[in-house]
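Undergrad: Before anything else, here's the structure in question.
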Amino acid sequence: MKPGHPHATEDCRAVSEVLQRIGDKWSLLVVRRLGDGPLRFNELRAAVGGISQKMLTTTLRTLERDGFVTRTVFPTIPPRVDYELTELGRELEVPVKGLAEWAIANMARISEARRRFDTSAAA
């Protein structure tokens, strides 16, 4: 963006807000898991692994509020609740999946760079 562009600050703020929301550890993992299809709460919790019930509830509510996830309650006993990506969520899943694949493919290179940096910083 060019300095002095009338929308530069507004655009940066918007990008920052969205990245802050979807860039946290749990949101990315939840979006990635729901990319494989709808899941019930406990299925999603098991698929994500390591997330507390409270954190999953908070993450799902925020993703639902932002329009990435839908929550469907089925009138059964006990009630059944499914979570699924919306169209917007499916669009988000594309770069999320790409970023996850990139991270996995480059983790060794990143670890090596960290090792070199830490070694030179300690010297």
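Each value in this text was obtained by applying a stated rule to the coordinates, not by laboratory testing. As the structure is a computational prediction, the values presented were derived from the model and not from experiment. A quick note on method: Cβ atoms are made from the backbone with ideal geometry, for glycine too, and the neighbour counts reach across all protein chains shown.
Undergrad: Over the stretch 8-122, what is the relative contact order in percent, taking alpha-carbon pairs closer than 8 angstrom and at least six residues apart?
TA: Here the relative contact order equals 24 percent.
Undergrad: Compute the angle between helix 8-22 and the longest alpha-carbon principal axis of the chain, please, reported from 0 to 90 degrees and rounded to the nearest 10.
TA: Between the helix axis and the principal axis of the chain, the angle is about 60 degrees.
Undergrad: Taking the dipole about the Cα centre of the chain, with the C-beta of Lys and Arg at +1 and of Asp and Glu at -1, give me whichever of G89, V31, A14 is farthest to the positive side.
TA: Comparing the listed Cα positions along the dipole, V31 ranks first.
Undergrad: Now for a different question. For I77 and D36, what is the calculated FRET efficiency with R₀ set at 22 Å and r taken between the beta-carbons, to the nearest 0.05?
TA: About 0.20, to the nearest 0.05.
Undergrad: Beyond 18 Å, what share of the Cα-Cα pairs of the stretch 8-122 remains, rounded to the nearest whole percent?
TA: 59
Undergrad: Let me ask something else. Explain nothing, just the number: dipole magnitude of the chain about its Cα centre with +1 on each Lys and Arg Cβ and -1 on each Asp and Glu Cβ, in debye rounded to the nearest 20.
TA: 400
Undergrad: Still on this structure, please answer the following. Using helices alone, what [θ] at 222 nm do you get for the chain, with -39,500 (n - 2.57) per DSSP H run of 4 or more residues, divided over all residues and rounded to the nearest 500?
TA: The helix-only estimate for the chain comes to -22000 deg cm²/dmol at 222 nm.
Undergrad: So, one more: Can you give the extra length, in nm with one decimal, that the chain gains between A8 and M107 once fully stretched, where that is 0.36 nm per residue apart less the Cα-Cα distance?
TA: Length gained, A8 through M107: 32.4 nm.
Undergrad: List M55, M107 from most exposed to least, where exposure is judged by having the fewest other Cβ atoms within 10 Å.
TA: M107, M55
Undergrad: Can I ask one more? For the stretch 44-51, take each phi angle, set θ = phi - 60°, evaluate the Karplus expression 6.51 cos²θ - 1.76 cosθ + 1.60, and give the result in whole Hz per residue in order, putting x for glycine and proline.
TA: Couplings: 5, 4, 5, 5, 6, x, x, 8 Hz.
Undergrad: How far apart, in nanometres, would the label points at A46 and A122 be if each is projected 7 angstrom from Cα along the Cα-to-Cβ direction?
TA: According to this spin-label approximation, the distance is 4.2 nm.
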